[in-house]
Amino acid sequence: MDTLLTPAQTAQILGIQTGTLQRWRNKRKPGLPWVRVGHNSVRYRSSDIETFIRSRVTRAEPKQKRGVKKEGHKGANSDERKAK
């Protein structure tokens, strides 16, 4: 079974305030599941925290020269927008 962590422990791992976790729960954002273990008590599963962190890893892309469009990028003059 997963280890259940308190909001304080979870906030420390993520480097955020416990109030941020509370706002995320209230707004159902940004997708970090929690477990209600009592009327006013919340815990976070360690595996959910790991998954949450992994889902937010980004890779730096090399800078492109000005005026060079990314492949598949549609600008303001694309056929799709002209059709509307």
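Laboratory data are not the source of any read-out in this text; all were calculated from the coordinates shown. If you're wondering where the values come from, they're calculated on a predicted model, not measured in any experiment. For neighbour counting, all protein chains shown are included, and Cβ atoms are generated from backbone atoms with ideal geometry for every residue, glycine included.
Structure summary
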| quantity | calculated |
| --- | --- |
| Cβ charges +1 (Lys, Arg) and -1 (Asp, Glu), total dipole of the range 4-55, debye | 240 debye |
| Interchain or long-range residues, amide H under 5 Å from Leu5's placed H | Tyr44, Arg45, Ser46 |
| Sorted by Cβ density within 10 Å, fewest first, the residues Arg59, Arg54, Arg23 | Arg59, Arg54, Arg23 |
| Projected-area mean, the range 4-55, by convex hull of Cα positions, square nanometres | 3.2 nm² |
